[in-house]
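Beneath this line is the structure, given in structure tokens, with notes to follow.
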């Protein structure tokens, strides 16, 4: 290798710019790691030099884009806000535009508290970002829903199937209709209630209604009969009449609405799974997602951001997180694709990896290798940190320590998006890496507190104990 190729210049001067401090630039440590890994894998000098040059070109492009934005700032603003703060603001603004973050609207008191906490910790607050860009987009995007086609086509006046159901319905559908009508009545009252205390009581009752409805054995005829998909749950999700429904109620209503829209009326927690006995002597069984279910309702987890997931969404087992497209592996804790980084991780602190979970900040260990080369799973998180720069979904498991404050009481809970901000090598001989993850700003709080917003709900815990734990599936 020539001397020009063997020496890495961390800060490069870009064409047309006097600023040489590129925070995107590859570090000397990272460059050496790429070179060492490439040599061990048998790649030529020319090959990995070209690979490094490609990465640096992309880093220069990002920095040039940042400079083009900051050059437009007035000089008075430059004196008030540091270049690094501007970079952080631009980066966060771009993420907010790309990411779909449904139902994370927080009340004013919580926003004020978050802002004070950010200021005291030296983070960029929403107020600071607003001063940088008057066109700052909303921190959260509220999803608007409309009735699905199957619902609209099921006209009670003209549908022969609906008329046949009306004639044949037994007492059981009538028992299902009553609680839904009670919920609808409370939704209607919340649209006109002006007394804050009464409105808060209605919100508490609606939370309970939505949580119970997750286990109501309804069908499309019952939902159409009660108008639950138009002038029902949609009123909560869409904040009809500008009613300020609590963010957690909107999130849970959206989760239920989405499931019903997909015509998934099965209420068993382990729906869509096939259970088979594992080979003798092996701890892990060979359970899998039913191929028929996958064809009809299958979802995949190879995407960035929330997708249709909501903060606090809960599952009884890791395989059910795969079924619903939250995570992509029924066993591994890290899921991603080569060159695209990690999409999601599962935190099971206390299982020997030495993870440290403080809620908004996590020290997360990659998988241990048999050699000095990082495993594929570990490499995905390295890519997320160094190249991809996309946040990962974090799911917490109840396999964490019993005393851990963020441990879900049962199963697995989705706790939002986290940036992979840095990492270090803990054990070079086994390529053991530890990553620092920081929760993205503008998200609702983690739903671990003992209050009405906590997930799993009391109904989910009851059903878990009856359907999952009692049958030995946990």
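It is to be established whether one or more residues within region 316-325 are more than 25 Å from residue 398 (Cβ to Cβ) and modelled with pLDDT of 95 or more.
Here is the first cut: in region 316-325, the ones more than 25 Å from residue 398 (Cβ to Cβ) are none.
Checked region 316-325: no residue is more than 25 Å from residue 398 (Cβ to Cβ) and modelled with pLDDT of 95 or more.
Per the conditions (1) more than 26 Å from residue 457 (Cβ to Cβ); (2) in a loop (DSSP other than H, G, I, E, B); (3) modelled with pLDDT under 95, the sole criterion not satisfied by residue 304 is (3).
Every residue, every condition in (1) surrounded by fewer than 19 Cβ atoms within 10 Å (Cβ to Cβ); (2) farther than 30 Å from residue 182 by Cβ, yes or no:
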{"site": "231", "(1), (2)": "yes, no"}
{"site": "235", "(1), (2)": "no, no"}
{"site": "240", "(1), (2)": "yes, no"}
{"site": "292", "(1), (2)": "yes, yes"}
{"site": "301", "(1), (2)": "no, yes"}
{"site": "317", "(1), (2)": "no, yes"}
{"site": "341", "(1), (2)": "no, yes"}
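Note on region 193-222: residues that are in contact with a helix residue (DSSP H, G or I) (Cβ under 8 Å, 6 or more places away or on another chain) and not in a loop (DSSP other than H, G, I, E, B) amount to 14.
Of the residues making up region 189-215, those that are under 29 Å from the mean Cα position of the chain (by Cα) and buried (at least 17 other Cβ atoms within 10 Å of the Cβ) are 202, 203, 206, 207, 209, 210, 211, 213, 214.
The rows are residues; the columns are (1) within 30 Å of residue 205 (Cβ to Cβ); (2) modelled with pLDDT of 95 or more; (3) crowded, with 20+ Cβ neighbours inside 10 Å.
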| site | (1), (2), (3) |
| --- | --- |
| 384 | no, yes, yes |
| 392 | no, yes, yes |
| 403 | no, no, no |
| 422 | no, yes, no |
| 452 | yes, no, no |
| 459 | yes, yes, no |
| 471 | no, no, no |
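Exactly one residue among 351, 373 is surrounded by fewer than 18 Cβ atoms within 10 Å (Cβ to Cβ), over 17 Å from the mean Cα position of the chain (by Cα) and either at pLDDT below 90 or under 26 Å from residue 454 (Cβ atoms) (or both), and that residue is 351.
Residue count for region 357-398, restricted to those that are farther than 26 Å from residue 39 by Cα and assigned to a loop (DSSP other than H, G, I, E, B): 6. Among the residues that make up region 328-338, is at least one of them more than 28 Å from residue 464 (Cα to Cα) and buried (at least 22 other Cβ atoms within 10 Å of the Cβ)? The answer is yes; a qualifying residue exists.
Against the numbered list (1) out of contact with any helix residue (DSSP H, G or I) (no Cβ under 6 Å at 6 or more places or on another chain); (2) closer than 16 Å to residue 353 by Cβ; (3) part of a strand (DSSP E or B), residue 413 comes up short only at (2). Summed over region 451-471, residues that are in a helix (DSSP H, G or I) and in contact with a strand residue (DSSP E or B) (Cβ under 8 Å, 6 or more places away or on another chain) total 1.
The values are calculated or read from the model by the stated rules, or taken from the named source; none is laboratory data. Since the model is a prediction, treat every value here as computed from it, not as a measurement. Note: ideal-geometry Cβ built from the backbone for every residue, glycine included; neighbour counts use all protein chains shown.
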